[in-house]
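Chemist: Dumping the structure here so I can ask a few things about it.
Just so it is clear, none of the values below were taken in a lab; they were calculated from the coordinates. Being a predicted model, the structure only gives us computed values, none of them experimental. Positions of Cβ are generated from backbone atoms using ideal geometry, with glycine treated the same way; all protein chains shown enter the neighbour counts.
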Amino acid sequence: MKTITTQVGIIGGGPAGLLLSHLLHGSGIDNVVLELRDRDYTVQRVRAGVLEHDAVELLAANGLGERLHREGLRHGGIHLQFAGERHHLDFEALIGRHVWIYGQQEVVKDLIAAHEANGTPARYEIADARPVDLETDHPRVLFTEGDEQYELRCDFVVGADGFHGISRLAIPPADRVAYEREYDFGWLGILAHAAPSSDELVYALHERGFALLSMRSPEISRLYLQVPPDEDIADWPDERIWDELDVRLGLPGWTLERGEIFDKSVTPMRSFVSAPMRHGSLFLAGDAAHIVPPTGAKGLNSAIADVALLRRGLVEHYAGDDATLDAYSDTQLSRAWQTQYFSTWMTRMLHSFSGPDAEFDHNVQLGQLAQLVSSDHAKAHLAEFYTGLPIHG
Ligand code: RFL
Ligand code: PHB
């Protein structure tokens, strides 16, 4: 068995793991990232698109803002559409904050470039990662790379290996609680070579289900449709997708720009929180600890908030102060539940629900939305959450 020694062992080379590694490196804390998949896989996964105000400031303050500010799209608000009308929520005017449209894939590319420039690339295609000795202050991660067995000796292990990762499972079942909620719908998402048909995102409630118009660049549209969670993508040829988007997003005098669809997938929706987020010398961050339905655009941003605080806690630890690290789990669980609240609220407000109360519920949603767009206080409430809770980095 070969031995590697570092200060922080990070399992998972997604946005949470790579960003934590970059932040720690910038603070002089040695670390190693262990990633199951190959590098190209981690870059090609199409996922989040909206970055919160403070998340972008954190990235920029740590050398990751150059391409983001050049190629990203700064959005000062969103549109809410229901009952055949589109309403603009102007975040800048309401609370003086904004968000950025910049794909998660681009964030990951920028992180990989920074790691390569620093000479600290992640170790890709490692297998069987297993954190052990977590109740001690000298934990290890055992793993396989090629034909070689390794042990990574460290002071702390961070589980940033996503919802399907193994880190959370290393906490004994008696010491963790999982809170979960599944929705009986998912999102069919497409990427298309089509100029976005709106200046800012459009979230639409329609009798036939939710639809979202988003984008990645002035040439690429990202669009979503609410569908059953187990929907077979083969049942959705391109024409059917465009026609359904036309129905749910259509307005008189407005046309949805069509184009070549180059990515298509269905994602089920769930909410999940695992508590606590710390067990001995193991800390969980990002999707490994919590998942939200994407309606509030919070998953990636929550992962960024976790690792920002974890960096601060680790820096203070090595300076002799454990207060932030000791409070990490409680602080981030409180933030995670606030985020769950917002994501649940947005999801319930904007999706169609089936069952005997469906018609009643739809009318309640219309009432809720009508009040929301007529009140600056209600709009500011949405704007505060959407542009992001504070990030304590
Ligand atoms: P990730 O991205 O899942 O990365 C985890 C990494 O860990 C690796 N891994 C392992 N490595 C070693 N050993 C093991 N045993 C391992 N098991 C797994 C994986 O290969 C992977 O590389 O988790 P992370 O870093 O916490 O990042 C979380 C975000 O990816 C996620 O929250 C967002 O994508 C959620 N999300 C959105 N978030 C936003 O903030 N704004 C959005 O607009 C937004 N839109 C979305 C979304 C997620 C979506 N899907 C597909 C779920 C839209 C969609 C459709
Ligand atoms: C996206 O562009 O992928 C996106 C935007 C807003 C959301 C979710 C996803 O709420």
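Chemist: What is the percent of Cα-Cα separations in region 1-80 that go past 15 Å? Present the calculation step by step, with values, prior to reporting the outcome.
Modeler: On the way: 2155 of 3160 pairs.
The proportion of pairs with Cα distances above 15 Å equals 68 percent.
Chemist: Still on this structure, I have one more. Can you report the principal axis dimensions of region 91-197 using only the alpha carbons, biggest first, rounded to whole angstrom?
Modeler: Each principal axis gives a Cα extent; for region 91-197 these are 52, 40, 31 Å.
Chemist: May I ask for the Rg/Rh ratio of region 264-305, computed from Cα atoms with Rh as the Kirkwood radius, given to two decimals?
Modeler: Values: Rg = 11.9 Å, Rh = 11.4 Å.
A ratio of 1.05.
Chemist: Could I ask something else about it? Between region 16-79 and region 275-294, what is the C-alpha centre distance in whole Å?
Modeler: Computed from Cα coordinates, the inter-centre distance equals 18 Å.
Chemist: Find how much the distance from Leu251 to Tyr179 grows on full extension, using 0.36 nm per residue of separation minus their present alpha carbon separation; answer in nm with one decimal.
Modeler: On the way: separation 72, 0.36 × 72 = 25.92 nm, distance 3.96 nm.
Length gained, Leu251 through Tyr179: 22.0 nm.
Chemist: Taking a virtual spin label 7 Å from the Cα of Glu57 along the C-beta vector, which residues in region 2-30 bring their backbone nitrogen under 19 Å of it?
Modeler: 23
Chemist: Per 5 Å bin, what percent of the C-alpha pairs of region 316-393 does each bin hold, from zero upward?
Modeler: Per 5 Å bin, starting at zero, the Cα-Cα P(r) for region 316-393 comes out as 3, 12, 16, 17, 13, 11, 9, 6, 5, 3, 3, 1 percent.
Chemist: Over all distinct alpha-carbon pairs, what is the Kirkwood Rh of region 6-164 in angstrom?
Modeler: On the way: mean 1/r = 0.0573 Å⁻¹.
Hydrodynamic radius (Kirkwood, Cα pairs) of region 6-164 is 17.5 Å.
Chemist: Per q in 0.06, 0.10 Å⁻¹, report the Debye log10 I(q)/I(0) for the chain, using one uniform scatterer on each alpha carbon and no solvent.
Modeler: Debye curve over Cα of the chain, log10 I(q)/I(0) at q = 0.06, 0.10 Å⁻¹: -0.24, -0.67.
Chemist: Taking the Cβ of Arg67 as the center, what net charge do the other residues with Cβ under 9 Å away carry, scoring Lys and Arg +1 and Asp and Glu -1?
Modeler: Working: positive: Arg70, Lys109; negative: Glu66, Glu71, Glu106, Asp110.
Spelling it out: positives minus negatives among the neighbours equals -2.
Chemist: What does the charge add up to near Leu134, with Lys and Arg as +1, Asp and Glu as -1, over the other residues with Cβ less than 11 Å from its Cβ?
Modeler: Details: positive: Arg130, Arg140, Arg278; negative: Asp133, Glu135, Asp137, Asp175.
Net charge around Leu134: -1.
Chemist: Calculate, in nm to one decimal, what Glu85 and Ile4 gain on full extension: separation in residues at 0.36 nm each, minus their alpha carbon distance.
Modeler: On the way: separation 81, 0.36 × 81 = 29.16 nm, distance 5.98 nm.
Net length gain for the segment: 23.2 nm.
Chemist: Using only alpha carbon pairs under 8 Å that are at least six residues apart, calculate the relative contact order of the chain and give it in whole percent.
Modeler: Working: 792 pairs, mean separation 79.3, N = 393.
Relative CO of the chain lands at 20 percent.
Chemist: Now, a different point. To check you understand DSSP bridge types, tell me what percent of the beta bridges within region 1-158 (both residues inside) are antiparallel, rounded to 5. Could the numbers behind the result be given before it?
Modeler: On the way: 22 of 34 bridges.
If I count the DSSP bridges inside region 1-158, around 65 percent turn out antiparallel.
Chemist: Please tell me which of these pairs span more than 31 angstrom C-alpha to C-alpha: Lys2/Lys298; Lys109/Lys298; Lys264/Lys298?
Modeler: Values: Lys2/Lys298 39 Å; Lys109/Lys298 20 Å; Lys264/Lys298 21 Å.
Pairs exceeding 31 Å: Lys2/Lys298.
Chemist: Which loop trypsin sites (Lys or Arg not before Pro) in region 193-300, with loop taken from DSSP, have no more than 16 other Cβ atoms within 10 angstrom of their Cβ?
Modeler: Numbers: sites: Arg208, Arg216, Arg222, Arg240, Arg248, Arg258, Lys264, Arg270, Arg278, Lys298; in loops: Arg208, Arg258, Lys298.
When the trypsin sites (Lys or Arg not before Pro) of region 193-300 are filtered for loop state and at most 16 Cβ neighbours within 10 Å, Arg208 remain.
Chemist: For Arg216, what is the net charge nearby, where nearby means another residue's Cβ is under 11 Å from its Cβ and Lys, Arg count +1, Asp, Glu -1? Each step should come with its number before you reach the end.
Modeler: Values: positive: Arg222; negative: Glu71, Glu106, Glu219, Asp263.
After counting each charged neighbour, the total is -3.
Chemist: Given region 82-132 reduced to its alpha-carbon atoms as identical point scatterers, what log10 I(q)/I(0) does the Debye formula return at q = 0.33 Å⁻¹?
Modeler: -1.12
Chemist: Using a basic spin-label model with each label point 7 Å from the Cα along Cα→Cβ, how many nm lie between Ala358 and Ala378?
Modeler: In this crude label model, Ala358 to Ala378 measures out at 2.5 nm.
Chemist: Give the shape of region 202-268 as rounded, prolate or oblate, defined through the alpha-carbon gyration tensor: a ≥ b ≥ c are the square roots of its eigenvalues, a/c under 1.5 means rounded, and otherwise the shape is prolate if a/b is larger than b/c and oblate if not. Don't skip to the end; give the middle numbers.
Modeler: Numbers: a/c = 1.57, a/b = 1.17, b/c = 1.34.
Judged from the Cα gyration tensor, region 202-268 comes out oblate (a/c at least 1.5, b/c at or above a/b).
Chemist: So between Arg67 and Ala127, what do we pick up on full extension, going 0.36 nm a residue minus the alpha carbon distance?
Modeler: Values: separation 60, 0.36 × 60 = 21.60 nm, distance 3.27 nm.
Separation in residues times 0.36 nm, less the Cα-Cα distance, equals 18.3 nm.
Chemist: With both partners inside the chain, how many of the DSSP beta bridges are antiparallel, as a percent to the nearest 5?
Modeler: Numbers: 58 of 77 bridges.
For the chain, the DSSP antiparallel bridge percentage is about 75.
Chemist: With a ≥ b ≥ c the root eigenvalues of the C-alpha gyration tensor of region 138-248, is it rounded (a/c under 1.5), prolate (a/b larger than b/c) or oblate? List each step's numbers first, then the result.
Modeler: Values: a/c = 2.84, a/b = 2.15, b/c = 1.32.
Prolate, since a/c reaches 1.5 and a/b exceeds b/c.
Chemist: Taking only complete DSSP H runs, can you tell me which helices of the chain stretch 15 Å or more along their own long axis by Cα positions and average at least -1.0 on the Kyte-Doolittle scale? Could the numbers behind the result be given before it?
Modeler: On the way: long enough: 15-26 (16 Å, 0.93); 104-118 (21 Å, -0.40); 238-249 (16 Å, -0.93); 299-318 (29 Å, 0.39); 323-350 (40 Å, -0.48); 358-374 (24 Å, 0.05); 376-387 (16 Å, -0.61).
The qualifying helices are 15-26, 104-118, 238-249, 299-318, 323-350, 358-374, 376-387.
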